[in-house]
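In what follows, a structure is listed as structure tokens, so that the remarks can point back to it.
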Amino acid sequence: MFLPFTAIALTYVLGGLILVRAWRGKQFSRFSFFFSYLIYFLGTGVIMNLVDLLDRQDYPLAFWLRFLTLVVAEFALLVEIGDHIFAPYPAIRSLGRLVTILITLAFSTVYILPSLYAQRPSSVAVLDLVMRSAITKCAVLVALLAAARLYGVRPSRTVAGLALGLALYLAISTANFALAESWGPAVYGQAFSLIGPMSQVLCLLIWMITFWKTEPLREVAQPVPAGGTGTFEPLPDRLSRMNTILSRLFKK
Amino acid sequence: MNLEIFYCIIAILVIAVVALLLRPGLASDDSGDSTLPETAKGMWENQGLNLAERILDPADYLWLRDQLGFPTLAESLRRHRKQLALQWLSALRGSFGEVVRSADPASHSSAGEEAWDSWRLLRMTLRFHLLLIYATLVVRYFGPYHRLIPSLDWMEMPWGALTQRPIGRNTSVKRSV
């Protein structure tokens, strides 16, 4: 009883600290969705605790509603992480969105949706759904970072911290939900209610370290003037020319 | 293997892979150099393109093999050219990566146009990358003198008979050696 309570208290302390540091560092507009998510997460958490104190009958329904909303919001958080990784580079600015949309669609079709049709108790179905969506988000995150690596793009310290915190939270959630689904509440119930909040604390701790020190916006390399003329060739023209040259060289 | 153990292993792997992908060590942004390095310059100019055309031109190979009658020497030249072509494609990938990581100083579009432009630029970037991967595979497995676009002359055969096209006009023979 003591440990989950400590974990919940730590969640609010860390979340509050992140918001204060971000407000002082003027980071709200830069990571607007992330902070909306965090405020929603903390605000609904407080409401949940009040529901728990006042009326325990509605608590499970409220818990799953909040949890499923957060699960969906985390996909939007991934879009924001992808946007921040590739935003400084015009040629691949939309790559994060493309990767997120494609992987989410693919996983939804072949991995998440089929599990909804399986015949089983609703509690097991919800655990399975959350676990599968966590795996999908892990896949999106890994794909985003792999794409960044492929193009030689290094995420900023803030974005790297966001990604690492989210990856830890999602990975622990995956294992936690898989164990809960397999072992059931009688065996794993107590551990489940402890590991869940602890994974949130770990994630928030990484995010707090990330936002403790504000980072200046990164400058992007300037292109070379075309043919030594001192004029810059627009990027669409450059990309188009490169495509044409490569096609022409091998068509001949 | 139990399903829960499988998912626990997946979770550990995710953390390990994310940590690996986030580790520092990429040269592109760490240097702080705001201009492109020398390797990117000249790759797309006439000198660089002439070099590429010479590497991919089968004239020397055909001259050695068919006119002088040195098939072994011609094969040795082809292997050497193949290595050169692969190196050139690798340099091309590096050069293109530098272009992708650069800003667009000529961009003056509005927010709506910018969103549309970014998808258009992404399409061109991905097209180039796919083409480059395909070209590398073709050079690696079929040699430097193979056509990148497969010859579809066989599709014209029925019409060829009707129009009585001369047999010697098949240009793909020259490249597909």
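Throughout, read-outs are computed from the coordinates displayed, never taken from laboratory work. Since we're looking at a predicted model, the values are computed, not measured. FYI the Cβ positions are ideal-geometry reconstructions off the backbone, even for glycines, and counts take in every protein chain you see.
Mean-square fluctuations from a GNM of chain A, with a 10 angstrom spring cutoff on Cα atoms, peak among A:Asp83, A:Asp58, A:Asp128 at A:Asp58. When B:Ile12, A:Ile81, A:Ile101 are arranged by Cβ crowding within 10 Å, least crowded first, meaning fewest neighbours, the order is B:Ile12, A:Ile101, A:Ile81.
Using a simple spin-label model with pseudo-atoms 7 Å out from Cα toward Cβ, B:His80 and B:Arg127 lie 3.7 nm apart. In terms of surrounding Cβ atoms within a 10 Å radius of their Cβ, B:Asp57, A:Asp55 rank from fewest to most as A:Asp55, B:Asp57.
Measuring r between the beta carbons of A:Asn49 and A:Ser122 and using R0 = 30 Å, the FRET efficiency lands at 0.80. The mean number of partner chain beta-carbon atoms within 10 angstrom of a residue's beta-carbon across peptide B:54-60 is 1. Here segment A:35-180 is assigned +1 on the Cβ of each Lys and Arg and -1 on the Cβ of each Asp and Glu. Its dipole about the Cα centre then comes out at about 480 debye. Relative contact order of segment A:61-116: 23 percent, from C-alpha pairs under 8 Å at least 6 residues apart in sequence. Of A:Phe177, A:Phe33, A:Phe192, the sequence from fewest to most neighbouring Cβ atoms within 10 angstrom is A:Phe33, A:Phe192, A:Phe177. Centre-to-centre separation between the Cα atoms of segment B:43-83 and those of segment A:193-215: 59 Å.
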